[in-house]
């Protein structure tokens, strides 16, 4: 437990660093010397402040780079965190997981370090504390997304986690997790081999699976595909696209990420993983159209997402409209399967075009307008 004086010293150091004071570089350098001479437990107490320093480094403007102590000493701070994960006999703490995620966001880990992080974090997916489960899965997802190739260990861990879910989760559990008013409660078996899970952990699992499917030539991918197919066959009453939207689309960023990842899988040169997804009813058209249907089959949600400055939706939507134009027959089939008619889609596109052609957009919408117009023409072309 940290005493108040120690906490106050931490905050003073952080205030110097964030304000780029003249003494901030010397102060952080002296602190690094102290940390390098400290025990693992002593460093553990200061991981929160190290995490805050990493956050400042990411947020710091380039004009301050030469005066930013956080940026100057990033390599030493990163090595300090990596050393905390080496030969660790106790469970990784929440602050350490946060710092590990900071290193992933910085995109400076070597392939060997990334593999090491996965090896120490993935066993925590079944930890008895829900916040450790969530953060360890987030860490693994971020690593898998960035790694050019995939280790067999992560596929094995995903398959194992799916099997644990199948053993312990009931149909009622799944329905509870999908509820729109679901908040911060989680499920836990009252047995020695307890499993703790909630919507967040299942969402991270799905995102990890999709990130793996986005890779090419993953060893033992067949084991994962077989496991998912078996799960799909054993739950015929669940529509997977509805399940994905319910669990993975809690906010705009997650929604765009899901739609974009599925589209990217279908645009890979090798189509084996796309073919697999098609056998379980998941394709770019079905998830996009179901998302629009869930939002009331109007253009409002698309316009809102297109207007968000920090949203990746415009990039995704531009790519998707090109894809849908090239695969218009499969688009029409997916639309028909959802019980929609082409007139309703045409109305959504026409209303979106009206807004795009107005003066309220903060960017040049002409390329998107052109693509949407071509798509609209193809929609009713025999």
Summing -39500 (n - 2.57) over the DSSP H runs of n ≥ 4 in the chain and dividing by its residue number, what mean residue ellipticity at 222 nm do you reach, to the nearest 500 deg cm²/dmol? -21500 deg cm²/dmol
I need 301, 280 ordered by Cβ neighbour count within 10 Å, fewest first. 280, 301
Using the Kirkwood radius over Cα pairs, work out the Stokes-Einstein diffusion coefficient for region 1-89 at 37 °C and 0.692 mPa s, in µm²/s as a whole number. 244
Inverse of <1/r> over all distinct C-alpha pairs of region 109-238, i.e. the Kirkwood Rh in Å, gives 15.4
By counting other Cβ atoms within 10 Å of each Cβ, how are 52, 108 ranked from fewest to most? 108, 52
So if I take the alpha carbon set of region 225-276, get Rg, then get Rh from the Kirkwood formula, what is the Rg over Rh ratio? 1.02
Relative contact order (percent, whole number), region 109-238, Cα cutoff 8 Å, 6+ residue spacing: 32
Listed residues 259, 221, 231, most fluctuating in the chain (Gaussian network, C-alpha, under 10 Å): 231
Mind checking which of 138, 242, 175 has the largest fluctuation in a GNM of the chain, springs on alpha carbons under 10 Å? 175
Which residue, 74, 232, 363, has the most motion in a Gaussian network model of the chain that connects Cα atoms within less than 10 Å? 363
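Each value in this text was obtained by applying a stated rule to the coordinates, not by laboratory testing. This structure is a prediction, so every number in the text was calculated from the model and none was measured. All Cβ positions, glycine included, derive from the backbone under ideal geometry; neighbour counts span all protein chains shown.
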